[in-house]
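The values are calculated or read from the model by the stated rules, or taken from the named source; none is laboratory data. Here the structure is a predicted model, which is why all the values come from computation and not from measurement. Counting neighbours? That spans all protein chains shown, and the Cβs are built from the backbone with ideal geometry, glycine included. Accessible surface areas use protein heavy atoms only, side chains included; no ligands, DNA or RNA. Shrake-Rupley method; radii C 1.70, N 1.55, O 1.52, S 1.80 Å.
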Amino acid sequence: MELAQFPWLTVTIFLPITAALFIPFIPDKDGKTLRWYALIVGLIDFVLLVAAFYLGYDFNDSGLQLVESYTWVPQLDLKWSVGADGLSMPLILLTGFISTLAILASWPVTLKPRLFYFLILAMYSGQLGVFAVQDMLLFFFMWELELIPVYLLLSIWGGKKRLYAATKFILYTAGGSLFILVAALAMAFYGDVVSFDMSTLAAKDYTVKFQLFMYAAFLVAYAVKLPIFPLHTWLPDAHGEATAPVHMLLAGILLKMGGYAIIRMNLGMLPDAHAVFAPILVIFGIINIIYAALTSFAQRNLKRKIAYSSISHMGFVIIGIASFTNLGLSGAVLQMVSHGLIGASLFFLVGATYDRTHTLVLNEMGGVGKKMPKIFAMFTTCSMASLALPGMSGFVAELMVFVGFATSDAYSFTFKLIAVMLMAVGVILTPIYLLTMLREIFYGPENQELIEHEALIDAEPREVFIIACLLIPIIGFGLYPKMLTQIYDTTTISLTDNLRSRAFASTEELQPLAFLPHLQAPELPITAD
Amino acid sequence: MELIEPIYQYAWLVPVLPLVGAAIVGTGLISYSQTTSTLRRPSAVFIVSLTGAAMVLSFLLFFSQVQGHEVYTRTFEWASAGDFKLTMGYTIDHLAALMLVIVTTVAFLVMVYTDGYMAHDPGYVRFYAYLSLFSSSMLGLVISPNLLQIYVFWELVGMCSYLLIGFWYGRDGAADACQKAFITNRVGDFGLLLGMLALFWATGSFEFDVMGERLTALVENGSLTAGVATIFAVLIFLGPMAKSAQFPLHVWLPDAMEGPTPISALIHAATMVAAGIFLVARMFPVFEDLPTVMTAIAWVGCFTAFMGASIAITQNDIKKGLAYSTMSQLGYMMLAMGVGAYGAGLFHLMTHAYFKAMLFLCSGSVIHGMEEVVGHDPLLAQDMRLMGGLRKYMPITSATFLVGTLAICGIPPFAGFWSKDEILGSTFAVSPVLWAIGWLTAGITAFYMFRMYFSTFEGEFRGTNKEIQTQLKREQLMAMGASLGPGAMNPQELTLDAEAEHGEDHHAATPHESPISMTLPLVALAVPSVLIGLVGTPFVNYFEAFIHPPSEEVEALLPWSEAFAEFEWSEFILMAGSSVGIGLIGISLAILMYAQKKIDPAAIANQIKPLYQLSKNKWYIDEIYDAVFVKGCRGLAKQTLTMDVRIVDGIVNLAGFVTLVTGEGLKYLENGRAQFYALIVFGAVLGLVLVSGIT
């Protein structure tokens, strides 16, 4: 068989879940065989993904690649159809990368290892599926499929309030996904053709009113996932109770599903409604940035602090999506990947710190830097990445969103001015909460009580390895962002072009969004020669 | 030419070499910490020689620029989205070449010095890695071809300062100081980022001269009002304000003294604070056509100069005194930029870099010597009330300190005289009021610097005086007690007496001169501190001919003999005479008060108590900021969290509760129990009221 025809995506999606089915039959006494098994499966899958990317993916093609389509229910035009364009590809690779590292991070798990690894592998499949499938109904299935493992992982291996957190998580997301189903059905049956295929749906010509309803429905579902204020309150609970590997997956991949879906559906399929909703998105993005940064600052629980910081960082994704510029959208995608890496690394380190101090309350820590210099160094580096230090991926992403939004011609000058100003407040707030956190954990005189009662050993090689794996792309993309942006550049360009040509088709000139006095970028009489 | 080109092609090595050093040693520390920590000398030699190589390369570039090589720029596409491109690269012009030389020489000497100063510190290797990273960021900053890249390195410099100030992370003071430095700088960066975005929006470019040109054109043809352009420029200026410690964002600088002394020398002379002045110089094309901005810069600089000097008078900590003096001198540089004296400002940046680096390294040498007597307690080792008479024990340190003091006081022919005089001269032409403040500040400077010199090096050695030691400790406890409340004092007082009894046995009775690795850099820095001013004399100003605003044409230099003949002596003598005069008055006062003790400083302090307290408490700025910003921010954050937990989450939980209850209730409803339905509604309303009532 030729390599180009090899069903890369189908194989990679089904490999983890199929492998998981064999877990009950693996002889394992001390729990060591299992974790190696899971790790190897994860690794093989990741290698396959990279191979698919390397052999079958072309940077210059803006459309779907690695497409496979098998008819499933012909009456409904329901197909098993997968494919990857510039938007899915980076996230698929990210999923493989983070999931494999999460398995390596689960080394200390001793409670019910069989079930644990089974669920982790099932989640691996579900997440890959969400990013790869090109059929609306399948998308809904995958979206739901990935909820169950998360629910169980939270409710069995979580902290003290795990049941509350897990229930809240499932109610929120399941409630949200109902909207997906309703909207998907409505869109599928709209017009003459009944189809669930995403590209067919994107090509349909909906009335503006219909679009607005669909947009709102999708937005509610994805706002829960991303999350967008005020639908974020499940996240601190879920993140606060999850164990480190689950935590890495939640922050690294699950949150990105919301952003991905907003770009794919809201922006890609409902352009007219996007033009109406965009200013609202910007406002919510700003609220996310500032509100979550402030709550994070006041939080005394380490896990919750980082959880709120995730919410704050997602604000930039929302604003990038609403910017109507290539650069802004590009920045939003970059921010998703970048936060996937940085968020995962921070949550992993929080877990590593907890394993040693056995407390998450900042007041009970202090001065542990002397005993754990490596963790201290890694924590500082990852915090720096999170506060968008240049040379790391977060900076490039935020900068692109900033520049993209500031140069956007879709908004009035005043609106942009205020919005950029408030976004920049986040630039001050982020270091405040992150550095205060470092100060309280590592700096200052040693906390005698902690030293006497806990064994504060420094990071082991496995932990250093995980962080190094995450830091290499973080720094790599920070130094040379083109490495990542070239993967999806053509796709974001065609998305933006499509959006702009359709959203602004009715009027010749761009109408400024947000009803404020309009001031366009001044034209220069002198032409640069 | 064939020989020159490769130097330019490989100019990127200047920042990359120290970076490589830092990266290798840093990786070693993380992966093989034990082995790397024991390889002290090899790591240090490795890093110092890489910096040395960068220094040699910088000198080659500098000489080539002096000989008139054209500006060399190389860029590559860094990030792109569609047809939008961001470029990075490097540019070597006169200003960049000069800065490269200043930064590499100071960094190299500081690194040599560090070997002696940090010899006994367990973090020796880590310190070298940080130093190297710091130099690398600063070198990257000065060769940046556009504003965006400057911003990148600007942030990196800030991050390095965070690491270095917090180097002794076990100390509370250091931990607070590094955080304060980073966050204060971020406030400045907030403005810089906004200004940068705004300028990009208006001009579509990040290049300095393009931005300046287009902005001027836009303002001229009326598509952008001068007011908006001014706001943009002021936003940009917030960045330099924080980095160069200008009022009101100066608060981090004195606290940064918590870091090891070599860092203070590097931050205060060549790297961090210089970055602000450098950025103003680079953005000169944007600033110069906006008179309001220029005036604002001049006033901020002038006020900072005065404020810094006024605080330095009463400081007893030798490093804090020098820190406020740095702030004051930076004010002079900013003042020069504001009045359009571009060359003069950068000239002062250069001379100040050398003599201030030397002064800080001298203070480090003094502290190193004092630690032998009083132990490793910064409270005692850095307080000038315990010093005195050190000239006998540390002749090289005291001689070089004296050279630095004379230079900063503006006594001819030392370096500081020429640069400060040029600034004051240019200021007088623009605004006599600004000049008067600057002139007065020069007098205060001379006074506090000689106060420092006399209390440290002349008179009797007071280091073994137990009474003063105890008094100092008590003062510190009082200050701590004030912040912790009266109850916190007692246990500490107990430890104080216990420590005093057994702490002194193994200490020496007198301090000693520092080792050669520390004194050698001092002597090396003394040479430029004396001589470098001569390149910028008003008769034949080589410096000005080399460094001038891009928009300005400078006439060819006359030979010395003609220059002397054509020079307007009367004006020069008047200006120089008045500034030397006030300097001498300051010095005389210091001699009377601290050398001959004919006037009692304490009596004067008592007479003008409010002023004395204002100066001693640093104009209460820290207290004000603490009350307004720190407390305000914490309060706001706390309220937001409360709101999040109570209201946002509360409503969600309530919604869940209501659905649950109504689900149960529906059963009853179907049975016709309408009262129960009403009860649920009542319960829900009650719940809402309760939730909103709690918050």
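For the stretch B:320-336, what are the residues that are more than 13 Å from B:Ser244 (Cα to Cα) and either buried (at least 24 other Cβ atoms within 10 Å of the Cβ) or touching a Phe, Trp or Tyr at 6+ places or on another chain (Cβ under 7 Å) (or both)?
Of everything in the stretch B:320-336, those that are more than 13 Å from B:Ser244 (Cα to Cα) and either buried (at least 24 other Cβ atoms within 10 Å of the Cβ) or touching a Phe, Trp or Tyr at 6+ places or on another chain (Cβ under 7 Å) (or both) turn out to be B:Gly321, B:Leu322, B:Ala336.
So in the stretch B:208-232, with the set limited to residues that are of a type in the set (A, V, I, L, M, F, W, C) and under 19 Å from B:Leu192 (Cβ atoms), which one is farthest from the other protein chains (Cβ to nearest Cβ)?
Residue satisfying both the conditions and the ranking: B:Phe208.
Restricting attention to the stretch A:387-415, report how many residues are open to solvent by 10 Å² or more (accessible area, probe 1.4 Å) and among the polar types (S, T, N, Q).
Looking only at that region, the number is 2.
I need the full set of residues from the stretch A:358-379 which are at positive phi and within 11 Å of chain B (Cβ to nearest Cβ), in order please.
Answer for the stretch A:358-379, where residues must be at positive phi and within 11 Å of chain B (Cβ to nearest Cβ): A:Gly366, A:Gly367.
Take the residues in the stretch A:380-394 that are over 15 Å from A:Leu334 (Cβ atoms) and of a type in the set (S, T, N, Q), then tell me which one is nearest to the other protein chains (Cβ to nearest Cβ).
Within the stretch A:380-394, the match that is nearest to the other protein chains (Cβ to nearest Cβ) is A:Thr380.
From B:Thr261, B:Thr225, grab the single residue that is of a type outside the set (A, V, I, L, M) and surrounded by fewer than 20 Cβ atoms within 10 Å (Cβ to Cβ).
B:Thr225
Which numbered condition trips up A:Pro108, out of (1) touching a residue at least 60 places away in the same chain (Cβ under 8 Å); (2) more than 24 Å from the chain's Cα centre (by Cα); (3) assigned to a helix (DSSP H, G or I)?
Here A:Pro108 clears every test but (3).
Return yes when A:Leu471 is in contact (Cβ under 8 Å) with a residue 12 or more places away in the chain and either assigned to a helix (DSSP H, G or I) or of a type in the set (S, T, N, Q) (or both) and no when it is not.
yes
For A:Lys168, state whether it is assigned to a helix (DSSP H, G or I), within 14 Å of another protein chain (Cβ to nearest Cβ) and charged (D, E, K, R).
Working: assigned to a helix (DSSP H, G or I): yes; within 14 Å of another protein chain (Cβ to nearest Cβ): yes; charged (D, E, K, R): yes.
Yes.
Looking at the stretch A:457-468, which of its residues are more than 9 Å from every other protein chain (Cβ to nearest Cβ) and open to solvent by 30 Å² or more (accessible area, probe 1.4 Å)?
Residues satisfying the conditions are A:Ile457, A:Glu460, A:Arg462, A:Phe465.
Determine whether the stretch B:419-430 contains at least one residue that is among the β-branched types (Val, Ile, Thr), open to solvent by 10 Å² or more (accessible area, probe 1.4 Å), out of contact with any strand residue (DSSP E or B) (no Cβ under 6 Å at 6 or more places or on another chain) and on the phi < 0 side of the Ramachandran plot. Break it down into steps so the answer makes sense when it comes.
Of the stretch B:419-430, the ones among the β-branched types (Val, Ile, Thr) are B:423, B:427, B:430.
Adding the requirement that they be open to solvent by 10 Å² or more (accessible area, probe 1.4 Å) leaves B:430.
Next, only the ones that are out of contact with any strand residue (DSSP E or B) (no Cβ under 6 Å at 6 or more places or on another chain) stay: B:430.
Still in the list and also on the phi < 0 side of the Ramachandran plot: B:430.
Yes, the stretch B:419-430 contains a residue that is among the β-branched types (Val, Ile, Thr), open to solvent by 10 Å² or more (accessible area, probe 1.4 Å), out of contact with any strand residue (DSSP E or B) (no Cβ under 6 Å at 6 or more places or on another chain) and on the phi < 0 side of the Ramachandran plot.
Restricting to the stretch B:381-399, and then to whatever is open to solvent by 10 Å² or more (accessible area, probe 1.4 Å) and in a helix (DSSP H, G or I), can you tell me which residue is farthest from B:Ala265 (Cα to Cα)?
The residue in question is B:Lys392.
State all residues of the stretch B:607-646 that are closer than 30 Å to A:Leu171 by Cα, within 9 Å of chain A (Cβ to nearest Cβ) and open to solvent by 50 Å² or more (accessible area, probe 1.4 Å); if no residue qualifies, say none.
Hits for the stretch B:607-646 are B:Lys638, B:Gln639, B:Thr642, B:Met643, B:Val645.
Are any residues in the stretch A:322-344 more than 13 Å from the chain's Cα centre (by Cα) and more than 14 Å from chain B (Cβ to nearest Cβ), and if so, which ones?
A:Ala322
Identify the residue in the stretch A:395-452 that is within 26 Å of the chain's Cα centre (by Cα) and charged (D, E, K, R) and, among all such residues, is nearest to the other protein chains (Cβ to nearest Cβ).
Among residues in the stretch A:395-452 that are within 26 Å of the chain's Cα centre (by Cα) and charged (D, E, K, R), the one nearest to the other protein chains (Cβ to nearest Cβ) is A:Lys416.
Give A:Leu119, A:Leu154, A:Leu101 a once-over and let me know the one that is farther than 26 Å from A:Tyr70 by Cβ and within 18 Å of the chain's Cα centre (by Cα).
Details: A:Leu119 fails: within 18 Å of the chain's Cα centre (by Cα); A:Leu154 fails: within 18 Å of the chain's Cα centre (by Cα).
From the options A:Leu119, A:Leu154, A:Leu101, the qualifying one is A:Leu101.
Are there any pairs, at least 6 apart or on different chains, whose C-beta atoms fall under 7 Å, with the first in the stretch B:13-35 and more than 10 Å from every other protein chain (Cβ to nearest Cβ) and the second open to solvent by 50 Å² or more (accessible area, probe 1.4 Å), and if so, which?
Note: pairs meeting the criteria are B:Gly21/B:Phe46.
Can you tell which of B:Val152, B:Val157, B:Val187 is open to solvent by 20 Å² or more (accessible area, probe 1.4 Å) and within 30 Å of B:Glu77 (Cα to Cα)?
B:Val187
Among the residues of the stretch B:447-473, which ones are over 18 Å from B:Ser398 (Cβ atoms), basic (Lys, Arg) and surrounded by 13 or more Cβ atoms within 10 Å (Cβ to Cβ)?
B:Lys473
Using the structure shown, decide if B:Ser205 is buried (at least 22 other Cβ atoms within 10 Å of the Cβ) and more than 8 Å from chain A (Cβ to nearest Cβ).
Considered against the rule, which asks whether it is buried (at least 22 other Cβ atoms within 10 Å of the Cβ) and more than 8 Å from chain A (Cβ to nearest Cβ), B:Ser205 comes out as no.
Please verify whether B:Gly416 is in contact (Cβ under 8 Å) with a residue 24 or more places away in the chain, surrounded by fewer than 22 Cβ atoms within 10 Å (Cβ to Cβ) and either within 30 Å of B:Gly340 (Cα to Cα) or in contact with a Ser or Thr (Cβ under 8 Å, 6 or more places away or on another chain) (or both), treating the condition exactly as stated.
Details: in contact (Cβ under 8 Å) with a residue 24 or more places away in the chain: yes; surrounded by fewer than 22 Cβ atoms within 10 Å (Cβ to Cβ): no; either within 30 Å of B:Gly340 (Cα to Cα) or in contact with a Ser or Thr (Cβ under 8 Å, 6 or more places away or on another chain) (or both): yes.
No.
Given the criterion at pLDDT 80 or above, open to solvent by 70 Å² or more (accessible area, probe 1.4 Å) and not hydroxyl-bearing (Ser, Thr, Tyr), identify the matching residue among B:Val71, B:Val48.
Working: B:Val48 fails: open to solvent by 70 Å² or more (accessible area, probe 1.4 Å).
So the residue among B:Val71, B:Val48 that is at pLDDT 80 or above, open to solvent by 70 Å² or more (accessible area, probe 1.4 Å) and not hydroxyl-bearing (Ser, Thr, Tyr) is B:Val71.
Conditions (1) small (Gly, Ala, Ser); (2) touching a helix residue (DSSP H, G or I) at 6+ places or on another chain (Cβ under 6 Å); (3) farther than 21 Å from B:Met518 by Cβ, marked per residue:
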| residue | (1), (2), (3) |
| --- | --- |
| B:Asn316 | no, yes, yes |
| B:Ser328 | yes, yes, yes |
| B:Met358 | no, yes, no |
| B:Leu380 | no, yes, no |
| B:Leu402 | no, no, no |
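Could you identify the single residue in B:Asp176, B:Asp172 that is touching a residue at least 12 places away in the same chain (Cβ under 8 Å), surrounded by fewer than 22 Cβ atoms within 10 Å (Cβ to Cβ) and over 15 Å from the mean Cα position of the chain (by Cα)?
B:Asp176
Go through (1) farther than 30 Å from B:Ser136 by Cα; (2) open to solvent by less than 10 Å² (accessible area, probe 1.4 Å); (3) in contact with a Gly (Cβ under 9 Å, 6 or more places away or on another chain); (4) within 11 Å of chain B (Cβ to nearest Cβ) one by one and return the number of the condition A:Ile290 breaks.
(2)
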